[in-house]
1. Can you put T18, T65, T29 in order, fewest other beta carbons within 10 Å first?
2. Are there GluC sites (Glu not before Pro) in the range 40-91 that DSSP marks as loop and that have at most 12 other Cβ atoms within 10 Å, and which are they?
3. Which net charge results for the neighbourhood of T6, defined as the other residues with beta-carbon distances under 13 angstrom from its beta-carbon, given Lys and Arg at +1 and Asp and Glu at -1?
4. Local charge sum around M74 (other residues, Cβ-Cβ under 14 Å, Lys/Arg +1, Asp/Glu -1)?
5. 222 nm [θ] for the chain, helices only, -39500 (n - 2.57) per DSSP H run of 4+, per residue, to 500?
6. Quick one: Cα convex hull volume of the range 38-91, Å³ per residue?
7. Hand me the trypsin sites (Lys or Arg not before Pro) from the chain located in a DSSP loop with no more than 15 other Cβ atoms within 10 Å, in residue order please.
8. Report ³J(HN,Hα) in whole Hz for each residue of the range 73-79, in order, from the Karplus equation J = 6.51 cos²θ - 1.76 cosθ + 1.60 where θ = phi - 60°; Gly and Pro get x.
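The numbers here are math on the coordinates, done by the rules we state, and not lab data. Bear in mind that the values here come from a model prediction, so they are computed numbers and not experimental data. Counting neighbours? That spans all protein chains shown, and the Cβs are built from the backbone with ideal geometry, glycine included.
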Amino acid sequence: MANNKTSIEWTDRTWNPTTGCDKVSPGCTHCYAEAITKRFTNNFPEGFTLKLHPERLKHPLSWRTPKGVFVHSMRDIFHEDVPIDLIKKVF
C-alpha cells in the first residue's frame with residue numbers, strides 16, 4: 001500500500017506507519033479498521049495485530065505536491081506498545 005490514494009472524500013491519502021490495535025472499550029466493537037483488515041487479507045496478513053512499519057516514515061517525503069493526509073487510519077498512534085521514538089518520528 002505504498003501509494004495510499006484513497007476514496008475517502010475529505011482526504012487525499014492515508015499514511016499508516018503502524019497498523020493494528022487492541023479492543024479496549026465497547027466503542028471498539030464495530031471498528032472499521034479491523035473490518036478492513038478482514039476484507040483485504042492480502043494487505044494485512046497478520047490481521048489487526050499491532051505492527052510497526054518504520055520503513056513508511058519516509059513516504060510523505062516523496063510526495064511532490066501538498067496532500068490532505070489521514071494519518072493512522074488503521075490504528076491508534078498512542079497504543080501502549082508503540083515506542084515513543086516512533087511516535088516522535090511520525091510527528
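1. If I rank by nearby Cβ atoms, fewest first, I get T65, T29, T18.
2. Sites meeting the loop and neighbour criteria: E46, E80.
3. Working: positive: K5, R13, K67; negative: E9, D12.
Spelling it out: positives minus negatives among the neighbours equals +1.
4. Taking every Cβ under 14 Å from that of M74, the sum is +2.
5. Numbers: 2 runs with 15 residues, N = 91.
My calculation for the chain gives -4500 deg cm²/dmol from helical runs alone.
6. Expressed per residue, the convex hull around the Cα atoms of the range 38-91 is 111 Å³.
7. Filter output for the chain: K23, R64, K67.
8. In residue order, the calculated couplings are 6, 10, 4, 10, 4, 9, 4 Hz.
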